[in-house]
1. Going through the range 61-71 one residue at a time, which ones are surrounded by 11 or more Cβ atoms within 10 Å (Cβ to Cβ) and in a loop (DSSP other than H, G, I, E, B)?
2. Suppose the filter is part of a helix (DSSP H, G or I) and closer than 26 Å to Tyr95 by Cα; does Ile259 pass it?
3. Which one is surrounded by the most Cβ atoms within 10 Å (Cβ to Cβ) among residues in the range 1-43 that are in a loop (DSSP other than H, G, I, E, B) and among the polar types (S, T, N, Q)?
4. Got a number for residues in the range 266-275 being under 19 Å from Asn304 (Cβ atoms) and part of a helix (DSSP H, G or I)?
5. Name the single residue, out of those in the range 135-147 being in a loop (DSSP other than H, G, I, E, B) and modelled with pLDDT of 95 or more, that is farthest from Phe239 (Cα to Cα).
6. Are any residues in the range 298-315 at pLDDT 95 or above and farther than 18 Å from His258 by Cα, and if so, which ones?
7. Among the residues of the range 239-253, what is the count of those that are farther than 21 Å from Phe281 by Cα and in a helix (DSSP H, G or I)?
8. So which residues in the range 123-157 are in contact with a strand residue (DSSP E or B) (Cβ under 6 Å, 6 or more places away or on another chain), surrounded by 17 or more Cβ atoms within 10 Å (Cβ to Cβ) and either outside the structural domain of Ile206 (by TED's automatic domain parsing) or not small (Gly, Ala, Ser) (or both), if there are any at all?
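The values are calculated or read from the model by the stated rules, or taken from the named source; none is laboratory data. Note that the structure is a prediction, hence the values are computed from the model and not measured. Backbone-built Cβ (ideal geometry, glycine too); neighbour counts: all protein chains shown.
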Amino acid sequence: MIRQLEIKNFKCFEDVTFNFKNLNILTGPNSSGKSTVIQALLANQQSEVSGINNSYNGRYIKLGQLSDIKNCYTRGDISISGDRDVAAKEQKVVYLTTERQGPETDYKQNLDDETEIGIRGEYAFDFLSKMRLSSIREQDFIFDDSWGINLGNQVDYWLSYLCGYTVTAERIEGTTTVKVSFRTDDNVKEFKAVHVGTGVTYLAIIIIAALSCKKTDLLIIENPELYLHPAAQSRFTEFFVFMASKGLQIVLETHSDHIINGVRKSLKKKRITPDDVEIFFLKKKDGISLPVIIELSDEGVIKNQERGFFDQFDDDLDILLGFDYE
């Protein structure tokens, strides 16, 4: 687990320290530094694993030249350092970028084995095809053993709970493709991914990616709420809370108030404690970004409401009610 990340003169940051817990959420306005924190995490991982200082172009990210990523206000030397419980080489990073693999008629087999899942999730269904009948890597990640204890069983449980589907993936012999089919809970008909919608495909990829992890791994997901109905976003948060409560370290970048409120509800229901959750609200002033820690009580109450932290609904409601302060 990565406990701390120090960032100096990297893009929009001057000198900041992030202290991470099990479930970490990055939020804030556009271009406030959320993706930059993830890039710093990935750059640090690339540097630690490769042994090359300042590895900003590698397996997870390719950021170009140093001049492109140096803070244009401070102009100091870039420094990114992390403090971990275990060596970076012992901590696998599973990273899903915003531009994930969408619905297709068939999917690719992972022939070069760069990563098991792929940063776009392009190999998630191939991983499922190979490991579906295998025991899940971490027994603590089994939520409902009445569905079975194999990877495929647990993927089906969560996908069914979240959107009413189960999924099967099978390598087609003699080809480099994977056949993927979804079924509704009543098992009446089998559907290809292109006929069930992008949200279902994205859900399946994220669930497979998370359940492929061990407790020592780090799961990073950009915008897990993409293409999901608000109710599904809220329920999806239960999945992340469960995984984090069982020891998986997760970093989410999100613009969804349903994700935030889902975490708050989980605190209220005692499914996770504030000691396991950190919400970073990124704010930018004079070109420099700073993180504000959003403090939550045991009951999920926000202790330090910040201007701009998911308060747009209240602002809009004030106008609708006639309280227009502009």
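1. Residues satisfying the conditions are Ile61, Leu63, Asn71.
2. yes
3. That would be Asn22.
4. So the count comes out to 4.
5. This residue is Glu138.
6. Asp298
7. Here is the first cut: in the range 239-253, the ones farther than 21 Å from Phe281 by Cα are 239, 242-243, 245-248.
From the residues that got through so far, the ones that are in a helix (DSSP H, G or I) too are 239, 242-243, 245.
So the count comes out to 4.
8. Phe125, Asp126, Leu128, Asp156
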